[in-house]
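For reference, the structure is listed below as structure tokens.
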Amino acid sequence: MLSLLLLTLLLSTGYMQPDSAITAIVDTPLPPWITISPDSSIWLVRTVLRNPPISHLAMEELRLAGVRFNPATNAPSRTTTFVGVSLMRAPEGKMLPLTGMPSEPRIKSYAWSPDGSMAAFTHETSQGIELWLLTTREASARRLTGPIISLVAEAYPQWLSGGDGILCALVPEGRAAPPTPDPVPQGPMIQEASGVPSPVRTLQDLLRNPHDEALFEHYLTTVVALVRLDGTLESVVAPCMVTDFSPSPDGRFVLVTTVERPFPYSVTAWRFPGRTQVWDLSGAVVYDVERHGVLDRIPITRGSVQQGRRTVAWREDADATLCWVEALDGGDAGAESDLRDRVFTMAAPFEKDPLVLAELTNRFSGIAWSSDTLAILSEWWWPTRNIRSFRVRPGGTEAGKELLLDYSWEDSYNDPGTLLTTTDHRGREVIYTTGDAVFFRGDGATPEGERPFVDRLDLGTAQRERLFQSSPPYFESPARFLNRQATLLLLRRESATENPNYYIRDLTCGSETKVTDFPHPYPWFQGMHKEIITYTRGDRLPLSATLYLPPGYRRENGPLPMAMWAYPREFVSADAAGQVSGSPHRFDYIGWWSPLIWLLQGFAVLDDPAMPIVSRNGELPNESFVEQLSQSAEAAVNTVVEMGVADREKIAIGGHSYGAFMTASLLAHTDLFAAGLARTGAYNRTLTPFGFQSEDRNLWAAKDTYIEMSPFMYADGIREPLLLIHGEADDNPGTFPMQSERLFSAINGLGGIARLVMLPLEDHSYRARESILHVLWETQEWLDRHVKHRGE
């Protein structure tokens, strides 16, 4: 009895560390991040801050209406930070010594000037964010401003098209001290339902009281100003709560998006009341584009949008022309409608009526610009998983469109790829063209694995020509063309044993130039076995997975304990669900999140075994979620056991987020696994009543499905040990930390075996080195005890 009581006590071990070999993997530097100048001659090589200490996460942080930031520095608190920058000249790969940089850089953003001769970047100090300028010719950097930049709303600096100034959001000069809370309540907090449906998904970090409102307004209020290259400032937009801004391509205007009071307590800032306006550089409003109230009445049906003007942006290839979209179905994707959206344009001086560019039968997805005779507009529709792309002529007098592409995004084998773009002389993103041709790059999925490609599409004849396709034993990903003739192609080449490096291939003759020579980061894994395996589940649906075996392992040595790591996906097409994903020729980056770490502990690993949930007989996929999930897992287990590489009694299943939910579901409904590893999941779907993942019915419309898909409701069936890990500051919609706490309480109360690990300060994914090492220690101990040495 005493031992059982001890098991339910709150345990505190402090932060623990796994084996030294695992720690070495965690501490291995990430490969550099590459950003190429507009003229392709200079590469910005950046070093990312990997696994910061827990003390960084413990710095003051405000969480207001979905915005998380450090109030001392006016910087986002959970975005990527770069701690090193260098310049490289291409194609020779020569590194250029860089002078004048901050002694301890903490770079939050960067932006190339239109001609590529300069790059602006923001640097976080203890006092705030500074704006710096890097010049490529001198390979030097200098500070342009003091710590006056605000990145609270993640509205980052942007260049004017002439390269003579940078638009920034600034902390208002002389800003008062932040408001302090009144310890004496002034009254109750009241919310009232108006009788009109206002469905919102489960959200974190919402405003809770008037003090939160005051803090939000204090820190979101900024001044949009132009910073000249000598550091002088010119105010453009008076103080207001700016969430986004964008200069027009000709540099005469600024498109500004702001939020306004009253602040609701039910949605995040991006659904607050707000407006979009065009300002000129003298600080005058020249056009009110749109204004809206709180956006809390958008239906949860996927593809539903706000009414009125939305997705307002500049036409990238024109001097100063706005483009926006308006819903024709009331914004409700669940409503019957022959037309869904209408796309408009309006040119400066914004005095004439807007022009209709196109009308769409599905929901607007995006538009890429080139000229008055060419733009490519796309639409999508969730129930059919369909994407269609059209050629439109923005300079024409009549709306019209020509169909270019019509495909299902589920069907990887027939995916035409992504349209290639480039930057023009003003630094704007436009379609990459040669003559009347455009280009696409794609993953090139095949039954043998992915083989990336580049295609040329002749718009006059509608004929596609394949210019390049990766071939075994390499996996070569096209990055961009480096010249205007589409003959020099930058590739990122890797193989199962060679880490990625960049090459330039001349498509006219096949010659190649190697540009980088990054070293192999993981010598511990050289010699591991990797293969894509295919198999069939009980309903004859073909499935695939990637099998890894430890270095030096031979199958005559007998089966191994195994770790499976997976994530379910919904499909409307069984044919698409059965397609092979991944490639046997890709190099594996092995971070702390990778299950391949456990190869070093003597485990076999089955990574991403397909767990498709497919629509059957016209029903929505989730109507048979548990049945199909169980079938897929059983097929994977039977296959690796029959191959002789896994011991049926020593297989663990694990996943993150929806994969964690999958893990708990499989333990609740099957006896296939020895133990489970569930990180940051949701387990009781009644706590996410207005939809989750791909489910867009609410709880009351699909009550039986919500309950059946809640492993919490079947906690009495979780008889195998389950390790639950969750970040205490998880801000992902739906995965409240209480989800793990409640499931642990249920298993504990029912006499099951579980361990709950709540990570201080961590959100949906984990960042601090101490947290990451502790997660791996917990996982190592769990696998050793309940899988590798099960029954001993």
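A few remarks follow.
- The listed residue being surrounded by fewer than 20 Cβ atoms within 10 Å (Cβ to Cβ) and touching a residue at least 40 places away in the same chain (Cβ under 8 Å), out of Ala65, Ala139: Ala139
- Qualifying positions in the range 255-282 - in a strand (DSSP E or B) and crowded, with 19+ Cβ neighbours inside 10 Å: Leu255, Val256, Thr257, Thr258, Val259, Gly274, Thr276, Gln277, Val278, Trp279
- Flag if Thr125 is at pLDDT below 95 and under 28 Å from Asp763 (Cβ atoms): no
- Looking at Met16, Met59, just one residue is at pLDDT 95 or above, open to solvent by 70 Å² or more (accessible area, probe 1.4 Å) and of a type in the set (A, V, I, L, M, F, W, C), and that residue is Met59.
- Qualifying residue in the range 697-708 (condition: touching a residue at least 24 places away in the same chain (Cβ under 8 Å) and in contact with a strand residue (DSSP E or B) (Cβ under 7 Å, 6 or more places away or on another chain)): no
- Strands (runs of 3 or more DSSP E) wholly inside the range 284-366 that include at least 3 residues being within 30 Å of the chain's Cα centre (by Cα), buried (at least 16 other Cβ atoms within 10 Å of the Cβ) and modelled with pLDDT of 95 or more: 285-292, 309-314, 321-327, 341-347
- Filter result (in contact (Cβ under 8 Å) with a residue 60 or more places away in the chain, open to solvent by 50 Å² or more (accessible area, probe 1.4 Å) and either among the charged types (D, E, K, R) or in contact with a Lys or Arg (Cβ under 9 Å, 6 or more places away or on another chain) (or both)) within the range 536-561: Asp539, Arg555, Pro559
- Residues (surrounded by fewer than 18 Cβ atoms within 10 Å (Cβ to Cβ) and either outside any loop (DSSP other than H, G, I, E, B) or in contact with a helix residue (DSSP H, G or I) (Cβ under 7 Å, 6 or more places away or on another chain) (or both)) located in the range 720-754: Met738, Glu741, Arg742, Ser745, Asn748, Gly749, Leu750
- Residues located in the range 501-515, provided they are of a type outside the set (S, T, N, Q), closer than 18 Å to Ile36 by Cα and surrounded by 14 or more Cβ atoms within 10 Å (Cβ to Cβ): Tyr502, Tyr503, Ile504, Arg505, Val515
- When the residues of the range 237-254 are filtered to those that are in a strand (DSSP E or B), modelled with pLDDT of 95 or more and open to solvent by less than 10 Å² (accessible area, probe 1.4 Å), the one that is nearest to Ser161 (Cα to Cα) is Pro247.
- The residue of the range 69-89 that is farthest from Thr125 (Cα to Cα), among those that are open to solvent by 20 Å² or more (accessible area, probe 1.4 Å) and either β-branched (Val, Ile, Thr) or assigned to a strand (DSSP E or B) (or both), is Arg89.
- Taking each residue of the range 571-595 that is more than 26 Å from Arg50 (Cα to Cα) and modelled with pLDDT of 95 or more and looking for partners that are open to solvent by 30 Å² or more (accessible area, probe 1.4 Å) and assigned to a helix (DSSP H, G or I) with beta-carbon atoms closer than 6 Å, six or more apart or interchain, yields Gln579/Ser412; Gln579/Tyr413.
- Screening the range 447-500 for strands (runs of 3 or more DSSP E) wholly inside it with 2 or more residues that are open to solvent by 70 Å² or more (accessible area, probe 1.4 Å) returns the ranges 464-469.
The values are calculated or read from the model by the stated rules, or taken from the named source; none is laboratory data. Bear in mind the structure is a predicted one, so any value in this text is a computation, not a measurement. A quick note on method: Cβ atoms are made from the backbone with ideal geometry, for glycine too, and the neighbour counts reach across all protein chains shown. Each accessible area value is taken on the protein alone, full model and side chains, heavy atoms only, with ligands, DNA and RNA left out. Shrake-Rupley method; radii C 1.70, N 1.55, O 1.52, S 1.80 Å.
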